[in-house]
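For reference, the structure discussed in these notes is given below.
The values are calculated or read from the model by the stated rules, or taken from the named source; none is laboratory data. Values in this document were obtained by computation on a predicted structure and should not be read as measured data. Here the Cβ positions follow ideal geometry from the backbone for every residue, glycine too, while neighbour counts run over all protein chains shown.
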Amino acid sequence: MRDHVSYRHPNLDGGSSLDRVLEILKQYWGYETYLPQQREAIACGVAGRDSLVVLPTGGGKSLCFQVPAMRLPGMAIVVSPLLSLMKDQVDALTENGIAAARIDSTQTPDERDDVLASIRRQELKIVYVSPERLMMNGFADFLKQHPISMIAIDEAHCVSMWGHDFRPEYRRLGQLKTTFPDTAIHAYTATATQHVRDDIVEQLHLVNPKVLVGSFDRPNLIYSVERRTEVLRQVREVLDRHKGESSIVYCIRRADVDDLVDQLRDVGYRVAGYHAGLLDRERKAAQNAFIRDEVDIIVATVAFGMGINKPNVRAVIHAGMPKSLEHYQQESGRAGRDGLDAECVLLYGGNDYGTWKYIIEQSESEQAVRIALQKLGDMSSYASGVICRHRALVEYFGQTLEADNCKACDVCFGDLELAEDALVVSQKILSCVFRLDQRFGADYTANILLGSKEQRILQAGHNDLSTYGLLSEFTKKRVRDWIEQLVGQGYLVKGGEYNVLSISERGWKALRGEETPRLLKPAERSRKHTVLEDSWEGVDRGLFDTLRVLRRKHATARNVPAYIVFGDACLRDMARRRPSSIEGFLEVSGVGQAKARQYGEEFVATIAEYCRTHALDRDIDPSVKPVPKPARCKKRTRATLDLSRQLAFGRFEKGESIIAVSDAIEKKPEVAIKYLLDYIAQEGLTTPEPWVDLGTFDRIADVAKIKGTARIMAILKEVSDVADYDQVKISIECLKNL
Ligand code: ADP
């Protein structure tokens, strides 16, 4: 006998399960297309099939369960490990007009009773609970009395001991399947390792789960690595490219954090420091100031970041090398969660390796030290390596990068200059290691190559070696760099307690001239940096700033972070489209109906005033009127936009589907649709086949005759049984050509 109320889900294969989903996405969140894997993940939610969804930070995991929760009858339970995240998510949902609440230990008994009463009255669509609370005696029994649509487990890697964030209380979630046998369980994580994924499925007893794994590449992050020379200047250079926006600077040591905070503050930056040596309340204050945009920059040790959901971080700078690529990916991944371009700059210096080695050896067991040193070596290879940063990162996590050129890292931009005589230089270094019987470290080897007159060298008679002074025309820094690069590319290996250099098989090949290593000739001064592209296209920056002020006013009044009111991506789209009416305001990506109701009038009025005083047109449709790109971002824009647009046009000509084109140009379907609209406009197409069938087109045309082609939402309302938002837009684009 069934002992609790549960909803019977429509069949996943039935095809109709996603019928209202796009409408819900638009109505509550103001989005018109899915991010990669979202559609499939949402389909599992709607169909009630257990799933494990692995997407990188910023991949849009929350919507994977929030959208089905709105589609299904009953209430979804979301298990989340962090109180701050829960609060953030519930605030964001409430702002979007969704009945959501949380139950956690920070609430007063009265507040908790209110939520329980709402559950009893079946008023809520989504309830966030901590794992401890969910597994507490009697609570699951209470929930079972009410219709539960689904159970979503956020940050599901916490269930696995193999993950980096294991939480013992997550283990008990394994009982959920027994307690709620008829309710689908969906797990979400950004953790990339197979081991952890398998463990999640096992621990949660997922039944025939659909496992969806997205690409771990974050194409909107622009990676670069620089040798650290003058840290303050280098950090400021990056920060100044993002004036008035949010950045995080990571340092290895607390003392470095304190120093850098003082130095930056002295020259006028709005900055706060964060590390484990501060009092709890000081850390909280720093974190809150950052989340609420009261400071632009946070300088921190790795202690900072867990639970930070801030989507509009525009730069993550590592002033010192992290201790593993796992850490680097996680920390740098805090940039650009909103999908807009962001920069990740790693400044590394020769002593970072030694600093970490010392710290690792102090604090961990022998086996842990061995593993940690291996990871440190991989990190160091990345820093000194010269292969595409995106490729290096995804390959480290066991995935491949299809594109030859990521168009978003210093290597692919060609910002790094390669030494022309790399083979000869490498052979000199490798021979020197050989002549030293592979018994010395990098520093000593460099000194021999430079012809140092150091006492210990003379005493050892190493000044008589044939390789002594072979690279004396270069600086020590450069020779040391090259040795690290040879280690990074696997020509040399560091081993033993003193990091003694030895020659690998690959190194022997280079010595025989069968392989040529790539050695960098570091640019003397700062390199040309190329950031920010399509996401600023057509945006009036003055208007964007004006809207930011307005957003801040509302955020302060409502006591929520600014991004809960509107994200940066949304504000940019507002400053691009410049709507003159509420209807136009609803077209802005990220504006759902609740927000349009709440803020629409004031924002539209502000836009009107700004456009009047600056003589700007309003109601711009960015998909049909590409605006010239700002000069500052020429390189990336030219490289990505023109090429992919051309490629897309060629494929549309052959009648390829939007998904096929989006895959081919490696951009979101949203972008492919924009290109399709441009293509239709440019070619003057009057029928939308094969993207919209003619029957649907006729219906849309009939409604458009009455409503006018400008009123997309009004048309969609009339035809939503046969067409989605994109089909309406595509059809209207064709109607405009008639
Ligand atoms: P994750 O939890 O995977 O790190 P989030 O759920 O926080 O990612 O989403 C990241 C950002 O992407 C948020 O700003 C969110 O509003 C936005 N987003 C999610 N889905 C879409 C979509 N379909 N279209 C546009 N933006 C989206």
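Among the small types (Gly, Ala, Ser), away from the ligand (no atom under 16 Å from the Cβ), in contact with a strand residue (DSSP E or B) (Cβ under 7 Å, 6 or more places away or on another chain) and under 21 Å from residue 222 (Cβ atoms): is that true of residue 392 in this structure?
Taking the combined requirement at face value, the residue does not satisfy it.
Confirm whether residue 283 is touching a strand residue (DSSP E or B) at 6+ places or on another chain (Cβ under 8 Å) and part of a helix (DSSP H, G or I).
Yes; evaluated as a whole, the condition is true for this residue.
Tell me yes or no: at least one residue of segment 389-396 is among the aromatic types (Phe, Trp, Tyr) and assigned by TED's automatic domain parsing to the domain that holds residue 488.
no
Assess whether residue 90 counts as being under 25 Å from the mean Cα position of the chain (by Cα), touching a residue at least 24 places away in the same chain (Cβ under 8 Å) and surrounded by 22 or more Cβ atoms within 10 Å (Cβ to Cβ).
No, not satisfied.
Anything in segment 538-583 that is more than 16 Å from the ligand (Cβ to nearest atom) and of a type in the set (Val, Ile, Thr)? List them, or say none.
Matches in segment 538-583: 539, 546, 549, 556, 582.
Which number in (1) more than 26 Å from residue 585 (Cβ to Cβ); (2) over 16 Å from the mean Cα position of the chain (by Cα); (3) hydroxyl-bearing (Ser, Thr, Tyr) marks the one condition that residue 57 misses?
Residue 57 satisfies all of (1) more than 26 Å from residue 585 (Cβ to Cβ); (2) over 16 Å from the mean Cα position of the chain (by Cα); (3) hydroxyl-bearing (Ser, Thr, Tyr) except (2).
Looking only at residues that are surrounded by 21 or more Cβ atoms within 10 Å (Cβ to Cβ) and of a type in the set (A, V, I, L, M) in segment 546-568, which one is nearest to residue 598 (Cα to Cα)?
If we take residues in segment 546-568 being surrounded by 21 or more Cβ atoms within 10 Å (Cβ to Cβ) and of a type in the set (A, V, I, L, M), then 565 is nearest to residue 598 (Cα to Cα).
If you scan segment 381-400, which residues turn out to be buried (at least 18 other Cβ atoms within 10 Å of the Cβ), among the hydrophobic types (A, V, I, L, M, F, W, C) and at pLDDT below 85?
Passing the criteria: only 386.
State all residues of segment 471-492 that are β-branched (Val, Ile, Thr) and either crowded, with 18+ Cβ neighbours inside 10 Å or part of a helix (DSSP H, G or I) (or both); if no residue qualifies, say none.
479, 483, 487 - these are the residues of segment 471-492 that are β-branched (Val, Ile, Thr) and either crowded, with 18+ Cβ neighbours inside 10 Å or part of a helix (DSSP H, G or I) (or both).
Among the helices (runs of 4 or more DSSP H) lying completely within segment 156-246, list those that include at least 1 residues that are within 16 Å of the ligand (Cβ to nearest atom).
Filter on segment 156-246 gives 194-203.
Here are the criteria: (1) surrounded by 14 or more Cβ atoms within 10 Å (Cβ to Cβ); (2) without any contact (Cβ under 8 Å) to a residue 24 or more places away in the chain. Tell me which single one residue 711 does not satisfy.
(2)
Kindly indicate which of 383, 335 is outside the structural domain of residue 194 (by TED's automatic domain parsing) and more than 21 Å from residue 519 (Cβ to Cβ).
Numbers: 383 fails: more than 21 Å from residue 519 (Cβ to Cβ).
Checking each option against the conditions leaves just 335.
Within segment 646-698, count every residue that is away from the ligand (no atom under 16 Å from the Cβ), buried (at least 18 other Cβ atoms within 10 Å of the Cβ) and at pLDDT below 80.
2
Under the condition of being under 27 Å from the mean Cα position of the chain (by Cα) and over 14 Å from residue 323 (Cα atoms), which residue from segment 343-380 is surrounded by the most Cβ atoms within 10 Å (Cβ to Cβ)?
Among those that are under 27 Å from the mean Cα position of the chain (by Cα) and over 14 Å from residue 323 (Cα atoms), it is 344.
Tell me the residue from 535, 589 that is in a helix (DSSP H, G or I), within 15 Å of the ligand (Cβ to nearest atom), polar (S, T, N, Q) and touching a residue at least 24 places away in the same chain (Cβ under 8 Å), please.
535
For residues in segment 280-311 being at pLDDT 95 or above and touching a Leu at 6+ places or on another chain (Cβ under 7 Å), which is surrounded by the most Cβ atoms within 10 Å (Cβ to Cβ)?
299
Restricting to segment 311-346, what's the tally of residues that are farther than 21 Å from residue 391 by Cβ and away from the ligand (no atom under 16 Å from the Cβ)?
5
Sort out which residues of segment 499-512 are loosely packed, with under 11 Cβ neighbours inside 10 Å and not in a helix (DSSP H, G or I), and write them in order of number. Let's see the steps before the verdict.
So the first thing to find is which residues in segment 499-512 are loosely packed, with under 11 Cβ neighbours inside 10 Å, and the list is 505, 512.
Scanning segment 499-512 gives a single hit, 512.
Here are 194, 234: which of them is out of contact with any His (no Cβ under 7 Å at 6 or more places or on another chain) and modelled with pLDDT of 90 or more?
Details: 194 fails: modelled with pLDDT of 90 or more.
Just a single option satisfies the conditions, and that option is 234.
Residue-wise test of (1) touching a residue at least 60 places away in the same chain (Cβ under 8 Å); (2) surrounded by fewer than 23 Cβ atoms within 10 Å (Cβ to Cβ); (3) not small (Gly, Ala, Ser).
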{"site": "146", "(1), (2), (3)": "yes, yes, yes"}
{"site": "150", "(1), (2), (3)": "yes, no, yes"}
{"site": "161", "(1), (2), (3)": "no, yes, yes"}
{"site": "168", "(1), (2), (3)": "no, yes, yes"}
{"site": "187", "(1), (2), (3)": "yes, no, no"}
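Go through the residues of segment 211-224 one by one and say whether even a single one is under 18 Å from residue 64 (Cα atoms), crowded, with 23+ Cβ neighbours inside 10 Å and at pLDDT 90 or above.
The answer is no; no qualifying residue exists.
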